Amino acid sequence: MASEPTTRSKSHRIVVSARGETREFACGEDEHILYAGLRAGLPLPYECASGTCGTCKAVVVEGTTRYAWEEAPGRKYTRAERKEVLTCQSFALSALALSLPGAFTAKPPRVAPEYFSGTIARSRLLIPDVIEFDLELERPMSFDAGQFVLLEVEAVAGARSYSMVNFEPESRVLRFLVKRFPGGALTEWMFSHPIDGTQVKVFGPLGRASFDSGEIRHVLCIAGGSGIAGMMSILESGKRDEHFDDHDMQVFFGVRTLQDAFYLDELKAHARHDRVRITLGLSHEEPSESARALHPELEFDQGFIHEVVKRAVAESPEDTTIYVAGPPPMVDATLRMLLLELKHSGKQIRYDKFS
Amino acid sequence: MGWERVAGAETIAPGKMQQFATEGGDAVLILNGEGTFYACQAICPHMDTPLEEGMFDGETLTCHQHLWQWDIATGDPKGLSESPLECLRVKSEGGTVMVWRDDS
């Protein structure tokens with residue numbers, strides 16, 4: 001993924017049209033087309049940026065491309081007979097004319113993504129299947145809470161998306177969570193080697209499911225497992241900007257049992273704010289009296305997190321922005337609950353499709 | 001012009017939806033809203049996603065990709081949706097669901 005185009009590599013002119021609008025940018029022969037366009041600040045549609053969701057697809061009207069990742073699962077959303085490709089997983093072999101099926105996004109990203117390099121530091125096991133680590137960048141990155149980056153290490157082919165846990169307006173250190181995923185090449189590598197000192201290629205910031213405290217809105221965060229990463233960043237960002245002095249913040253954190261929860265001290269510190277409510281939903285055990293006594297700042301409920309949210313938030317005001325993150329079945333169940341049962345509008349909901 | 005048979009009514013349970021190929025043209029999505037059948041284009045007008053993979057609550061159809069939504073009775077856009085959904089006339093007779101094709 002994150003190959004900064006070398007000065008020797010050939011560069012091609014890419015012209016993209018969508019609904020009568022045309023934009024153009026230069027793309028090195030060894031750079032993924034989407035990344036070159038985003039780096040140039042273009043409002044190109046994408047979500048996962050890693051070959052899964054299909055949102056970045058375009059028709060190749062003129063020119064030739066080659067796939068970086070032939071087996072990208074998002075190719076099921078493209079049709080070869082229409083010359084559709086995933087721009088996030090394609091290289092340009094010539095000048096290209098591309099046509100998007102939808103429109104350019106309404107506004108370009110606040111911060112155009114760039115290539116960075118970093119070194120892993122201070123990795124630690126939070127629970128047996130979740131690692132936290134810091135990535136020390138060679139120069140600061142500006143990002144919005146809730147955004148993610150692509151990470152790639154030399155030992156494992158391909159880039160993966162991870163949301164930042166921390167938040168600072170300009171940060172030289174990015175903090176991440178990695179959940180062990182059986183069979184996942186990168187996570188298996190991380191769980192079986194000492195990782196501190198590892199060099200990492202980074203591309204970002206990415207993602208539009210981000211928090212902007214300039215918006216006058218209440219916030220509802222629904223996370224399953226390591227999906228709490230982006231919510232921690234939103235909590236920190238809102239706290240810095242005193243957003244929660246005037247707006248309600250509710251966080252629902254779903255885990256199997258109390259043993260599977262982490263960041264409880266950090267969450268308790270946030271929950272001491274009057275308008276911040278944090279609920280831990282346990283899907284596989286009843287919250288014990290001792291858990292409640294030990295963590296009086298937190299609320300507890302039993303059930304899958306979408307069921308817990310449904311009980312707690314029968315009606316949330318329309319001026320609430322809802323963030324959802326977690327494993328795909330949890331995100332699916334939560335979206336269904338929000339849209340079909342609580343009748344929320346898709347306009348209120350922000351989530352990134354990567355996993 | 002005429003009614004084209006697309007499916008047996010029993011194949012689509014109440015609250016469910018399924019995509020069917022048609023003789024007349026593009027595939028159609030048949031939806032069963034608790035006994036009332038609806039028919040619309042099978043592919044999302046936004047990014048060509050199969051709408052069959054989306055969500056349906058009897059009234060509103062939601063594409064799972066970017067949460068575009070429509071009122072299934074009219075095809076009118078709701079929420080984030082920027083364009084209407086093409087809906088077809090549909091009827092269920094003698095256990096068969098049929099759609100009206102102008103072109104067949």
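Each reported figure results from applying straightforward, stated rules to the coordinates on display, with no laboratory input. Please read these numbers as outputs of a predicted model, since none were measured by experiment. No Cβ is skipped: glycine too gets one built from the backbone with ideal geometry, and neighbour counts run over all protein chains shown.
Across the stretch B:1-92, Cα-Cα pairs more than 15 Å apart make up 53 percent of the total. Taking every Cα-Cα distance in the stretch A:180-241 and sorting them into 5 Å bins from zero, the calculated P(r) comes out as 3, 12, 16, 18, 19, 14, 9, 7, 2 percent.
Site pair A:Glu242 and A:Leu294 shows an inter-label distance of 3.6 nm when each label is modelled 7 Å from Cα along Cα→Cβ.
Computed about the Cα centre, the dipole magnitude for the protein assembly as shown is approximately 820 debye when only Lys and Arg (+1) and Asp and Glu (-1) carry charge, each at its Cβ. Each principal axis of the Cα atoms in the stretch A:23-86 has its own extent, and those three values, largest first, are 28, 25, 20 angstrom.
Just so you know, the Rg over Rh for the protein assembly as shown is 0.99, from Cα atoms, with Rh as the Kirkwood radius. Of the chymotrypsin sites (Phe, Trp or Tyr not before Pro) found in the stretch A:164-253, not one falls in a DSSP loop while having at most 14 other beta-carbon atoms within 10 Å.
Using the number of other C-beta atoms within 10 angstrom as an exposure proxy, rank A:Phe116, A:Phe300 with the fewest first. Write down the numbers at each step before the final one.
Working: A:Phe116 21, A:Phe300 16.
Sorted ascending by nearby Cβ count, the order is A:Phe300, A:Phe116.
Considered as an equivalent ellipsoid built on the Cα gyration tensor, the stretch A:124-214 has semi-axes of 23, 14, 13 Å, the largest given first. Thinking of the stretch A:283-350 as a set of Cα atoms, what percent of all their pairs are more than 21 Å apart? Summing the P(r) of the stretch A:283-350 above 21 Å gives 33 percent of all pairs.
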